[in-house]
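One structure below.
The values are calculated or read from the model by the stated rules, or taken from the named source; none is laboratory data. Just so it is clear, the structure is predicted and the values come from calculations on it, not from any experiment. Using ideal geometry, Cβ is built from the backbone for each residue, glycine included, and neighbour counts are taken over all protein chains shown.
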There are 2 protein chains.
Amino acid sequence: MKKSFGPPETVTLAKIARAAGVSSSTVSRILNGTARVSAEKQRAVEEAVQRYNYRPNVLARSLASGRTDTIGVLTQDIASPFYGEWLRGIEDELTQTGRSPLFASGHWNAADEQRQLENLLARCVDGVIVLHGFVDPDYLRAYSERVPVVMLGRPLDPSPRLVCLGVDNRQGAYDVVTHLIELGHRRIAHISGHALQPDSEQRLIGYREALADAGIPYDDTLIERGNFEESGGLVAMERLLDAGVSFSAVFASNDQTAYGARLALYRRHVRVPDDVSLVGFDDLPGSLYLTPPLTTVRQPIYEIGRMAADAMARLLRGEAVPTQIMRVELIERETTARIGTGAAS
Amino acid sequence: MKKSFGPPETVTLAKIARAAGVSSSTVSRILNGTARVSAEKQRAVEEAVQRYNYRPNVLARSLASGRTDTIGVLTQDIASPFYGEWLRGIEDELTQTGRSPLFASGHWNAADEQRQLENLLARCVDGVIVLHGFVDPDYLRAYSERVPVVMLGRPLDPSPRLVCLGVDNRQGAYDVVTHLIELGHRRIAHISGHALQPDSEQRLIGYREALADAGIPYDDTLIERGNFEESGGLVAMERLLDAGVSFSAVFASNDQTAYGARLALYRRHVRVPDDVSLVGFDDLPGSLYLTPPLTTVRQPIYEIGRMAADAMARLLRGEAVPTQIMRVELIERETTARIGTGAAS
DNA sequence: TTGTAAGCGTTATCAT
DNA sequence: ATGATAACGCTTACAA
């Protein structure tokens, strides 16, 4: 009776084989369903597995098989409400198909992202899902030569091993601004996101197109740059207010920006939507709980996450996966109203 | 296993050794700094590594060495603003010490959590950090026999391989309620979290103690149960309002609950803080952007995440790590005021 | 200092 | 159907 202390001795496949009186190949076959095995040995092995509480060593398995059933997921910020939804979708779909995500954060920094991508490769992931980011497209193209890549939220020339999924940012922004115009607004401010960020650029384009189609001249004093975070929205809105330009509505480039803008408005006693209407983009879970609930563009973030994982699964099966740009839907809540009493400033 | 054509042939340690004209052990030594090597061979190897852009296969390395430098992190919800902060802290500290996190979600479900923990073990993580959850303490104790465990936000009997970190929930809640009482409030409602959730229970205890110390009788019609999420706060607050009980302040068991409560109040045209004061717990990043900014208890979530990773590092070094319960600080913002004009209902 | 060789725990090939 | 046995890519005694 050896009841040893210390780290319990590891139960290996070989030990199970010995206990069940079969070869290790047989055990392996049973565990993986790789081939038919006599019912008798099957039972013997299963019993041994139970008895020793055997768990295959994933490392060894992967080293031998060349597959890890692990998908690298390069996010930008593990704690962001937006990326969180993507991650959740990816994780749910991945685990449902027996795969696991391996998350890494790039912090919107091309160098970090590249380092993380190398790291994922060193860990032998079967594929990589990339969420936004600034890493060099050429690098990504070369990278996709080694493992398939699914890119979320960044349009790149697709290839058989590099597929892009996203939403129609231009259309969403166009719908927002058109809606605002229909409510009677003509002086519509816009707080954009990072420069060079494709989502931000496309939303600005949609904004301009809607204005143009309504015959409203573009006025760049109505544009402020944010950073896709609350802080940027706050500051941008303050600048807008300080500048003394008049406007009756604000289109924030994403919901987080709108949250910040909303605080700035509150601080200046500008009522929403009575004095100014406010619209965001994304429809984060928290937007339902803004005071008042935020009118925004619903982007099916979670679902896109699932689609990404599914696209990866198909890529891995060797199927062709087309680029997809999804339409997006305006959700009217309570931060928008027909142009009314007093305009800001 | 024959290497087929297609994806670039893998660069192995052996290839580098050959290219540099040394043995593979020498390459290994150089890469790991395991032993002194002649400067000449050092250079030759480094050059070959560069030239072939060699990356060690982490799987093989781990299989051989028995270490993975990977720490399993069992979270409950990858997309939660609260867990997000913990994860960010853990990730930052872990990567700074050359380790990587491996995230898995338990969804507040003991069975899921246990499955995930087994999975992490099969992946040979060097240790595990557990965030809340309901998995059986006895199971965890046995688990910690195999790899060290750091537990966040759940008080368990510590052991040399199982350390707990947390905050003083009771004290935080006590401070909240005492502050409210100092502002003149005597009818203070409370929206709790999940039953059996230790944080929630401790906060309720703190609430009761503060009341008792001020000679205010406990009234259970002022207590509603939430679920630590916005939805629960909304519903609980509606019930409170519908019940017609009078109160001038609400202590929500966490910030998300407060967000929900705040929306219910808005819907009923109850002004915050003019008509009722509202306090949360956690100080999530978003609480600064509530309208108005939320008075709450600051819990250094991110820092605790870092501490957890640090505690794990020390555990791995064989050091003893004490249980730590941190004090917590009330942050007065703008949802609380001296009891004023009209009380709700 | 450097090299040889024996693992690490699987899967996969090839006989039988 | 089953069992040897050779990979998988690296670390680490043990020798030299």
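Strands (runs of 3 or more DSSP E) wholly in the range B:155-257 with at least 1 residues that are over 19 Å from residue B:331 (Cβ atoms) and not hydroxyl-bearing (Ser, Thr, Tyr) - which ones?
B:162-167, B:188-192, B:223-225
Looking only at the range B:15-51, count how many residues are closer than 23 Å to residue A:143 by Cα and either within 12 Å of DNA strand C (Cβ to nearest atom) or part of a loop (DSSP other than H, G, I, E, B) (or both).
Here the count works out to 1.
How many residues does the range A:299-341 contain that are crowded, with 16+ Cβ neighbours inside 10 Å and basic (Lys, Arg)?
Total satisfying the criteria: 2.
Residues B:37, B:22, B:58: which one is among the β-branched types (Val, Ile, Thr) and either within 38 Å of the chain's Cα centre (by Cα) or within 11 Å of DNA strand D (Cβ to nearest atom) (or both)?
The conditions single out B:58.
Being of a type in the set (A, V, I, L, M), in contact with an Asp or Glu (Cβ under 8 Å, 6 or more places away or on another chain) and in the same structural domain as residue B:84 (by TED's automatic domain parsing) narrows it down to one of B:284, B:316, so name that one.
B:316
Out of curiosity, is residue A:14 near DNA strand D (Cβ under 8 Å from one of its atoms) and either at negative phi or in contact with an Asp or Glu (Cβ under 9 Å, 6 or more places away or on another chain) (or both)?
In short, no.
Please specify each residue of the range A:25-34 satisfying the condition of being free of Cβ contacts under 8 Å to residues at least 24 places away in the same chain, surrounded by 14 or more Cβ atoms within 10 Å (Cβ to Cβ) and more than 7 Å from DNA strand D (Cβ to nearest atom).
A:27, A:28, A:30
Given (1) within 13 Å of chain B (Cβ to nearest Cβ); (2) crowded, with 24+ Cβ neighbours inside 10 Å; (3) assigned to a helix (DSSP H, G or I), identify the lone condition not met by residue A:264.
(2)
Scan the range B:289-296 and tell me whether some residue there is among the β-branched types (Val, Ile, Thr), more than 23 Å from residue B:174 (Cα to Cα) and assigned to a loop (DSSP other than H, G, I, E, B).
Yes, some residue in the range B:289-296 is among the β-branched types (Val, Ile, Thr), more than 23 Å from residue B:174 (Cα to Cα) and assigned to a loop (DSSP other than H, G, I, E, B).
Listed residues B:292, B:273; which is under 27 Å from the mean Cα position of the chain (by Cα) and either under 24 Å from residue A:263 (Cα atoms) or buried (at least 22 other Cβ atoms within 10 Å of the Cβ) (or both)?
Of B:292, B:273, the one residue that is under 27 Å from the mean Cα position of the chain (by Cα) and either under 24 Å from residue A:263 (Cα atoms) or buried (at least 22 other Cβ atoms within 10 Å of the Cβ) (or both) is B:292.
Could you tell me how many of the residues in the range B:267-288 are part of a helix (DSSP H, G or I) and of a type in the set (Lys, Arg)?
The total comes to 1.
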